[in-house]
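The values are calculated or read from the model by the stated rules, or taken from the named source; none is laboratory data. Just so we're clear, the structure is a prediction, and the values are computed from it rather than from any experiment. Ideal geometry is used to build each Cβ from the backbone, glycine not excepted, and the neighbour counts take in all protein chains shown. Remember, those area values only see protein heavy atoms, side chains included, never the ligands or the DNA or RNA. Shrake-Rupley method; radii C 1.70, N 1.55, O 1.52, S 1.80 Å.
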There are 4 protein chains.
Amino acid sequence: MPRTRGGVDGNGDRARAGVDLNSDVGEGFGPWRMGDDAAMLDIVTTANIACGFHAGDPLIMARTVAMAVERGVRVGAHPGYNDLWGYGRRRVSGDAPADIATMVLYQVGALSAIAAREGCVLSHVKLHGALSNVAAEDEELAAAIGAAIRDTDPRLAWLVPAGSAMVAVGERLGVRTVSEVFADRGYDSSGNLLPRSQPGALVDDPAAVARRAVRMVREGMVSASGTDVPLRAESICVHGDTRGAVELASAVRRALEGAALAVRPFAT
Amino acid sequence: MPRTRGGVDGNGDRARAGVDLNSDVGEGFGPWRMGDDAAMLDIVTTANIACGFHAGDPLIMARTVAMAVERGVRVGAHPGYNDLWGYGRRRVSGDAPADIATMVLYQVGALSAIAAREGCVLSHVKLHGALSNVAAEDEELAAAIGAAIRDTDPRLAWLVPAGSAMVAVGERLGVRTVSEVFADRGYDSSGNLLPRSQPGALVDDPAAVARRAVRMVREGMVSASGTDVPLRAESICVHGDTRGAVELASAVRRALEGAALAVRPFAT
Amino acid sequence: MPRTRGGVDGNGDRARAGVDLNSDVGEGFGPWRMGDDAAMLDIVTTANIACGFHAGDPLIMARTVAMAVERGVRVGAHPGYNDLWGYGRRRVSGDAPADIATMVLYQVGALSAIAAREGCVLSHVKLHGALSNVAAEDEELAAAIGAAIRDTDPRLAWLVPAGSAMVAVGERLGVRTVSEVFADRGYDSSGNLLPRSQPGALVDDPAAVARRAVRMVREGMVSASGTDVPLRAESICVHGDTRGAVELASAVRRALEGAALAVRPFAT
Amino acid sequence: MPRTRGGVDGNGDRARAGVDLNSDVGEGFGPWRMGDDAAMLDIVTTANIACGFHAGDPLIMARTVAMAVERGVRVGAHPGYNDLWGYGRRRVSGDAPADIATMVLYQVGALSAIAAREGCVLSHVKLHGALSNVAAEDEELAAAIGAAIRDTDPRLAWLVPAGSAMVAVGERLGVRTVSEVFADRGYDSSGNLLPRSQPGALVDDPAAVARRAVRMVREGMVSASGTDVPLRAESICVHGDTRGAVELASAVRRALEGAALAVRPFAT
């Protein structure tokens, strides 16, 4: 695995405050595309690649890994429920935690082999959609998945929602977690994301999003209904589903760099 | 990877003439089962495990690997077309060889990760159904798949039909091939399997099947419409779909052992 | 639609007390089979046929309808969640009731066309697995599905768990419901099925099951932890997953007939 | 089913020369979209709706039917191989013609029920992709599918490639066929489409496409490598996959109307 990406993470740079930018990519299937992966891979430092269960297929996976490698973007697996129709956004109840962990393992292994052929070692795993939401609440499931990640490859990091139960679970299991924040989403005073249905859940003014991103990284704080809430921001998640989203991601990157913050992969 | 299996392949044993017995297992899906995997894993020395495309799912894969490891049976991947409904028996045309190789890689990688958690390194790949039939005829496809196998793990063997184009392709690519024969199937004078529709295509008398197996291994010969045809028999494929099939497999094993031939995995 | 089935429901017979026997059939997929459909269709008067979402495929559907028609067994649709892997037993959350109703409509329509070619008009719809369980609790979902059934064909009956919310919903919507009971399952004092994890949830003594079936039909009563609970038994559900299950179903039928109760389809 | 659409097919109009415009729509799946269905449904008179096998799902089907009905566009089924990944473009070999016909029946029935709820009776069936290509060559398959269409509903028309074997098959079976042409595709001197790999296979100049469309309808002729080839043009197929494609479709419609040709559904 290449240890540097451009001049971004040279010695001087690691000393500087900085942050990773990550995006979910390769989320098409067969003839269908989702978002503009090429544009996003020009912006981010870390890519989470769908593994064929909620989206993605072997061919899209291979193409997306190649595009990421070409740009020096780090690559991780983005496993989800086996629910193509529902895009992994529906909760599927009734499986034992150990069985869900095996489904995660299957997906990570599949991507791992495809990445290896491109000369790329996976840096991490990030759960998708409903699976991530359930694991954030269900510590037994989080532990089963964390163990599966560790057993696959002890070098794999686990990209998790900041403040979620997965942080403690990772620590307990000896899996390095990387805390992810959303600059375009509102948080409550406990540091959890506001549900999309609530006012303030979505921030769509690019300038506001960019300001929030800078503050999250520099101060480790987000403003939540008037108070300041601490938040560990090791990676900022940006989306590429729409034209506007790509521009927003680009604005976040420019704002971080303009604030003299290093934008660099968390994986060293 | 454990290098010995019981006392079977000690020094003295490797000197003896012998053969591997392989079977396709783990070919259920979700709530459905196919054949009696436990019974077959008691008989064979090598297992080809379905990887979720034509059959198999992560849970069945994990259970089947565990059952094989428990019995000291060697484990390989059995990838097929992404055609659950058709059980991988239908030819699916229109994909580029390189893309089909990527589909194979996905499946091998997925099983590989699941096997690794069980402390098991895959010994080989054997193509399933229509994919195997197409690759046996289409050298370009065989070469693309062979390269994918080699790039995944250079230690992987390729279990292929005796006399097929894959043997030469493997040699050219530096992938070890292991030649598989069918004691219960008729061959033509070129050493190819007779189509199932032709008379003599299926041998169902257990004593005849057992005699053929012994002769294939001891003499490297099969009788085809009166003449003797040379056939490289490194592994004999046995099936477990029906009660009778399990008994036939058992009869083949007993006959080989009765003839002082070693039944041992090809993977050392 | 033929209005009579052998001599079973002649004038005299309808006057007699009686009951329908139903079973879920056609629950294989592609190469896989589930249970012994032929044996069950020899026993029951009504068949619920899987429609391709949790199990079943067009070919199995056509074969199963033909087998039912041949035996004079009435045919209905057995739609479930689109979850082949989980066999429709996992709850899938996040879809709007109207959307789930559309998924039901799709399945009923598909079977309806296949049945029509066999000269058979569907008599009813019975929800499968987790979808049935959710609809039994969620009145909004039940109403959306009930309306979809009515709009497809006003002659369709709705085979529902006795005492479930679907009975009232059907009445309100003008959909005829038929109440289904399980002779081999324990009930609580409110007339609900005991969860499988509780003691007494499963009755496996064939004589006891047969006695319970007769009492349910003759008296409309089931014994639940010492007290008698009224239960509307218009149809008894029997299963064919295992050899023992087929024999149990057969024992139930013999007991009913031995008690001079008519075993006849609810659809006239 | 409403028998008129605006003033288009009044008495006077039917006397005029005219043509149908058809497009394949509803070809998304789950979260994914394909083309701009709303724009295409504003242009065409007949819509072919994917039925969930190569594309489409119950929810997309219902929405697309509703959009078509709203605009007075006639609705038909667009069944394909059960190959979501390959978008129905890969040939899948090994199924008996009768079994493929049953798969078609399943899809037509599913859409039929969904359409019925929208107050819409299906006017026709048009095969998709590889299934259409195979049926155009394989008369036995064409006959099996034609019989399935007729048995589903004798009022269903069969929208088929002009000059294909399906025309004669339909005539023999008593299924009305409607001949479809492509104004943006080159034809050979036998009236067959040139393979996409050949020069002249694709016509991309909008003015040329529009001129060809008018000539096909007015003269029943297409120019093929210098000679004029007769071609029955009852419906022109237009695509909406790309922005340019929608504009091309619009240009074709304007050219036809500018040439005083009626653009009206074939279904009366």
task = Give region A:171-202 a look and list any residue that's within 19 Å of the chain's Cα centre (by Cα), surrounded by 15 or more Cβ atoms within 10 Å (Cβ to Cβ) and farther than 27 Å from C:GLY94 by Cβ, or say none.
result = A:VAL175, A:ARG176, A:VAL178
ask   = Would you say C:VAL214 is out of contact with any strand residue (DSSP E or B) (no Cβ under 7 Å at 6 or more places or on another chain), among the aliphatic types (A, V, I, L, M), at pLDDT below 95 and buried (at least 18 other Cβ atoms within 10 Å of the Cβ)?
value = no
ask   = So which residues in region D:157-207 are in a helix (DSSP H, G or I) and within 18 Å of D:ASP138 (Cβ to Cβ)?
value = D:ALA165, D:MET166, D:VAL167, D:ALA168, D:VAL169, D:GLY170, D:GLU171, D:ARG172, D:LEU173
message = Yes or no: region A:228-242 includes at least one residue that is open to solvent by less than 10 Å² (accessible area, probe 1.4 Å), small (Gly, Ala, Ser), in contact (Cβ under 8 Å) with a residue 24 or more places away in the chain and part of a strand (DSSP E or B).
response = yes
ask   = When residues of region B:152-171 are filtered for being more than 15 Å from B:ALA77 (Cα to Cα) and either of a type in the set (D, E, K, R) or within 14 Å of chain A (Cβ to nearest Cβ) (or both), how many remain?
value = 1
inquiry  = Can you pull out every residue in region A:135-146 that is assigned to a helix (DSSP H, G or I) and either charged (D, E, K, R) or out of contact with any Leu (no Cβ under 6 Å at 6 or more places or on another chain) (or both)?
reply    = A:ALA136, A:GLU137, A:GLU139, A:GLU140, A:LEU141, A:ALA142, A:ALA143, A:ALA144, A:ILE145
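Residue-by-condition table, conditions (1) in contact with a helix residue (DSSP H, G or I) (Cβ under 6 Å, 6 or more places away or on another chain); (2) within 30 Å of B:TYR87 (Cβ to Cβ); (3) small (Gly, Ala, Ser):
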residue	(1), (2), (3)
D:LEU41	yes, no, no
D:ALA50	no, yes, yes
D:ALA55	no, yes, yes
D:GLY80	yes, yes, yes
D:LEU84	no, yes, no
D:ARG91	yes, yes, no
request  = Within region C:104-119, track down each residue that is in contact with an Asp or Glu (Cβ under 7 Å, 6 or more places away or on another chain) and within 18 Å of C:LEU131 (Cα to Cα).
outcome  = none
ask   = Which of the residues that make up region D:61-73 are touching a Phe, Trp or Tyr at 6+ places or on another chain (Cβ under 8 Å) and farther than 19 Å from D:VAL104 by Cβ?
value = none
task = Report yes if some residue within region D:123-132 is touching a strand residue (DSSP E or B) at 6+ places or on another chain (Cβ under 7 Å), open to solvent by 30 Å² or more (accessible area, probe 1.4 Å) and either in a helix (DSSP H, G or I) or within 14 Å of chain C (Cβ to nearest Cβ) (or both); otherwise report no.
result = no
task = Might you let me know whether region B:128-137 holds any residue that is among the aliphatic types (A, V, I, L, M), under 17 Å from B:GLY26 (Cα atoms) and without any contact (Cβ under 8 Å) to a residue 60 or more places away in the chain?
result = no
inquiry  = Being modelled with pLDDT of 95 or more, in contact with a Gly (Cβ under 9 Å, 6 or more places away or on another chain) and surrounded by fewer than 23 Cβ atoms within 10 Å (Cβ to Cβ): is that true of D:GLY163 here?
reply    = no
request  = List the number of the failed condition for A:ILE149; all other conditions in (1) surrounded by 22 or more Cβ atoms within 10 Å (Cβ to Cβ); (2) in a strand (DSSP E or B) hold.
outcome  = (2)
request  = For D:LEU256, state whether it is touching a helix residue (DSSP H, G or I) at 6+ places or on another chain (Cβ under 8 Å), outside any loop (DSSP other than H, G, I, E, B) and either open to solvent by less than 20 Å² (accessible area, probe 1.4 Å) or among the β-branched types (Val, Ile, Thr) (or both).
outcome  = yes
ask   = Is it the case that some residue within region D:114-132 is touching a helix residue (DSSP H, G or I) at 6+ places or on another chain (Cβ under 6 Å), at pLDDT 95 or above and β-branched (Val, Ile, Thr)?
value = yes
